[in-house]
Ligand code: XMP
């Protein structure tokens, strides 16, 4: 979460104060979907900081605490004097009510799950919406006495004040969660608040972002040089394209071939970034080194550690020799495709499942000793925004809509020891999976689809010959964020084609299985 709010923006902006709800990021998403820029800030951000940041409205998120509890998160009271509209959601509503002179009580019945809101006064918040709305509740406390100036604008079975407003000041409170998908018309309520109440313009577009990001990159970097670890994944590719647009030849990308990549990946990266975009891409073939270090290693965690450590070493060495070879300005910056969800930490409030600090996986592999300063131009964006920006920058759809690929590469999909031969077998099987998934139209409909090489050989028959060969497992999962996943019910015809092609075309495989486990209890990758 950023402590600092950027100076007054060119675009409309909403500040979200975070009270530790697991849905705070979802609120930010919904606002961005309305094409309004939003920023999540700690709940104790001062009124002055918010004013300086240039927000046109404020949202108080929900949270697990009770407003009267000791240590419950509060706001700087001067926020109420800024003259900005405020929308309080759940805990945010209770806090708003309490701070402005109302009363909140623990209700006897905890309301959790679906409910029906009866809109009693449409006003600006419910403009254009039906009088009865499906809403999603998750709260114990409720507002029992409205502060002066407030009226109830919606009721539920359990509450006479499920939606409240002080229309004069533009203060609104909702007991339910408009941001979650279980409140089907919730996005429209949020949009009404943004456009109708706060008078925001829907001006947050990829084009605006790119323009602003380029200016910021140039201001940060000046005449110095930037190095970027390009993996061919969506985030580093979009970061590379953006930096290239901003500073052209001052950017050098380093692509490390660890010998554990998909078939043809290296050539593909050279073609797209080198030939098509004319970027300065340095390709380092470190496959012999990586495969050497992995020889005989079968433990999944050890594999990951070896690969992670060696990556940092190779990258560091490449960046240093780059700095030595190139005359002129030094390399002072390291660019990374860190995204917003990697950056935000929720406020650590007891009982909040989202309060664990996210591990910065992009930052994890940083060459610390190099003392490079970070450039992270995507740190305000969510994944789908990154994709839009990538397309706008002219990256091909195949890159922008790529499925995730694990950092340790095929090593975690080759169970048991990794050898060049086993990498070859898996690369060939994987290429067939990608090919068939794309041509059948399934590639873009699933979160991930890939092949796994098992340390199992079984008997088969080919022609008149008895075979004793490898087994490939196929995995296709659907997921929103990789945290949970379910296996995809791929059509039998497609599975048959996959199995037929893999067994016929990949030397060394005579059996194909389909993985029908969900996460949890299984994971997406096999190691
Ligand atoms: P699991 O296997 O834990 O994977 O269910 C969840 C998601 O994370 C990806 N994954 C990784 N991504 N570095 C990455 O960048 C890694 O070391 C790594 N391990 C797993 C996995 O592909 C899935 O999308």
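The values are calculated or read from the model by the stated rules, or taken from the named source; none is laboratory data. Nothing here was measured: the structure is a model prediction, and the numbers come from that model. Ideal geometry is used to build each Cβ from the backbone, glycine not excepted, and the neighbour counts take in all protein chains shown.
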Next item on the list: Considering every residue within segment 447-457, establish whether at least one is at pLDDT below 95, touching a strand residue (DSSP E or B) at 6+ places or on another chain (Cβ under 7 Å), outside the structural domain of residue 229 (by TED's automatic domain parsing) and crowded, with 18+ Cβ neighbours inside 10 Å.
Entry: no
Check: Is there a residue in segment 458-481 that is out of contact with any strand residue (DSSP E or B) (no Cβ under 8 Å at 6 or more places or on another chain), within 12 Å of the ligand (Cβ to nearest atom) and closer than 22 Å to residue 403 by Cβ?
Finding: yes
Notebook entry, point to check: Taking segment 236-258 as the region of interest, how many residues are closer than 26 Å to residue 382 by Cβ, within 16 Å of the ligand (Cβ to nearest atom) and in contact with a helix residue (DSSP H, G or I) (Cβ under 6 Å, 6 or more places away or on another chain)?
Noted result: 3
Next item on the list: Collect the residues in segment 393-404 that are more than 16 Å from the ligand (Cβ to nearest atom), surrounded by fewer than 18 Cβ atoms within 10 Å (Cβ to Cβ) and in contact (Cβ under 8 Å) with a residue 24 or more places away in the chain, keeping them in residue-number order.
Entry: 394, 396
Next item on the list: Scan segment 405-424 for residues that are within 16 Å of the ligand (Cβ to nearest atom), touching a strand residue (DSSP E or B) at 6+ places or on another chain (Cβ under 6 Å) and part of a loop (DSSP other than H, G, I, E, B) and jot them down.
Entry: 415
Check: From the list 215, 179, 223, 157, which one is touching a strand residue (DSSP E or B) at 6+ places or on another chain (Cβ under 8 Å) and closer than 30 Å to residue 376 by Cβ?
Finding: 179
Next item on the list: Return the pairs, sorted by first residue and then second, in which the second residue is assigned to a loop (DSSP other than H, G, I, E, B) and within 8 Å of the ligand (Cβ to nearest atom), the first residue lies in segment 516-527 and is under 18 Å from residue 472 (Cα atoms), the beta carbons are less than 7 Å apart, and the residues are 6+ apart or on different chains.
Entry: 524/482; 525/406
Check: Considering segment 394-404 alone, what residues qualify as being assigned to a loop (DSSP other than H, G, I, E, B) and closer than 17 Å to residue 339 by Cα?
Finding: 401, 402, 403, 404
Check: Consider residue 527 against the criteria (1) surrounded by 18 or more Cβ atoms within 10 Å (Cβ to Cβ); (2) more than 11 Å from the ligand (Cβ to nearest atom); (3) over 20 Å from residue 458 (Cα atoms): it satisfies all of them except one. Which criterion is unmet?
Finding: (2)
Next item on the list: Could you pull out every one of the strands (runs of 3 or more DSSP E) wholly within segment 32-126 that has 1 or more residues that are more than 19 Å from residue 163 (Cβ to Cβ)?
Entry: 37-42, 103-119
Check: Hey, does segment 381-392 have a residue that's in contact with a strand residue (DSSP E or B) (Cβ under 9 Å, 6 or more places away or on another chain) and within 16 Å of the ligand (Cβ to nearest atom)?
Finding: no
Next item on the list: Answer yes if at least one residue in segment 493-513 is assigned to a strand (DSSP E or B), in contact (Cβ under 8 Å) with a residue 12 or more places away in the chain and within 16 Å of the ligand (Cβ to nearest atom), and no otherwise.
Entry: no
Notebook entry, point to check: Across segment 438-457, what is the number of residues that are farther than 20 Å from residue 414 by Cβ and within 16 Å of the ligand (Cβ to nearest atom)?
Noted result: 5
